[in-house]
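Take a look at the structure below.
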Amino acid sequence: MAQVQLAQPMLDSVEYFKKNDPYTYRHILMVFAYLTLLSKDLVPNYRARIREVATSPLHDFGKVCVPLEILTKASPLTRDERNNLEHHTTAGYILLCYYLQSVDHIAARVARDHHERNNGSGYPRGISLNDRMVEIVAICDIYDALTSKRPYRPVSFDNRSALENITIM
């Protein structure tokens, strides 16, 4: 089995969210579960799949830098709060580059790019995705966001509507 090593702060982040932000905690676990299921068909190399899937719970690692009052806010975010939240991608990339000692580690790239879109409309860099694992995580992230209740959208999308929206994206 491929060797996967995570620094203690990366593991601690999961516990932090479990204790302080149940939505984010549930979200990272759901994205991990969806990614595990999808990658069986999309990443045929077992060793590569284990290495890449094992780092997926870190896609929102940068949210440790976002104030809890923003992460747990029950009403829609203001523009300033949204800007603060969007910085989690860059914060996650920087922190993971430090802990993993690599600017090109898959976990760091996923943290930075999982809100980018194929048409270049995403953030933080406004680039087109061209990394298979980042694209798979992005799809899992979007799917969970659409099918989960949100403060600004109390009724979640059904499975078909969520998949249709992802297909359009």
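The values are calculated or read from the model by the stated rules, or taken from the named source; none is laboratory data. Computed from a prediction, not measured in an experiment: that's the story for all the values here. Cβ placement follows ideal geometry from the backbone for every residue including glycine, while neighbour counts extend to all protein chains displayed. Surface areas here come from the heavy atoms of the whole protein model, side chains and all, with no ligands, DNA or RNA. Shrake-Rupley method; radii C 1.70, N 1.55, O 1.52, S 1.80 Å.
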query: If you go through the range 123-136 one residue at a time, do you hit one that is among the aromatic types (Phe, Trp, Tyr), modelled with pLDDT of 90 or more and not in a loop (DSSP other than H, G, I, E, B)?
result: no
- request: Given the conditions (1) open to solvent by 70 Å² or more (accessible area, probe 1.4 Å); (2) under 21 Å from Thr89 (Cβ atoms); (3) free of Cβ contacts under 8 Å to residues at least 40 places away in the same chain, report the number of the one that Gly122 does not fulfil.
  value: (1)
task: Return the total of residues in the range 51-81 being under 17 Å from Val134 (Cβ atoms) and either among the small types (Gly, Ala, Ser) or open to solvent by less than 40 Å² (accessible area, probe 1.4 Å) (or both).
output: 11
query: Which of (1) over 14 Å from the mean Cα position of the chain (by Cα); (2) open to solvent by 50 Å² or more (accessible area, probe 1.4 Å) is the odd one out, the single condition Glu135 does not satisfy?
result: (1)
message: Out of Val103, Val134, I need the residue that is in contact with a helix residue (DSSP H, G or I) (Cβ under 6 Å, 6 or more places away or on another chain) and in contact (Cβ under 8 Å) with a residue 12 or more places away in the chain. Which one?
response: Val134
- request: Pairs only if they're at least six apart or on different chains, beta carbon under 9 angstrom, first in the range 15-39 and farther than 14 Å from Leu58 by Cα, second modelled with pLDDT of 95 or more and open to solvent by 70 Å² or more (accessible area, probe 1.4 Å); list them, first residue then second.
  value: none
field: Conditions (1) surrounded by fewer than 18 Cβ atoms within 10 Å (Cβ to Cβ); (2) among the small types (Gly, Ala, Ser); (3) closer than 23 Å to Asp12 by Cα: number failed by Ala111
entry: (1)
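If I ask for residues that are assigned to a helix (DSSP H, G or I) and within 16 Å of Tyr99 (Cα to Cα), which ones from the range 52-70 would you list?
Listed by number, the residues that qualify are Ala54, Ser56, Pro57, Leu58, Phe61, Gly62, Lys63, Val64, Cys65.
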- prompt: Of the residues Glu15, Glu81, Glu86, which is within 13 Å of the chain's Cα centre (by Cα), at pLDDT 80 or above and of a type in the set (Asp, Glu)?
  reply: Glu86
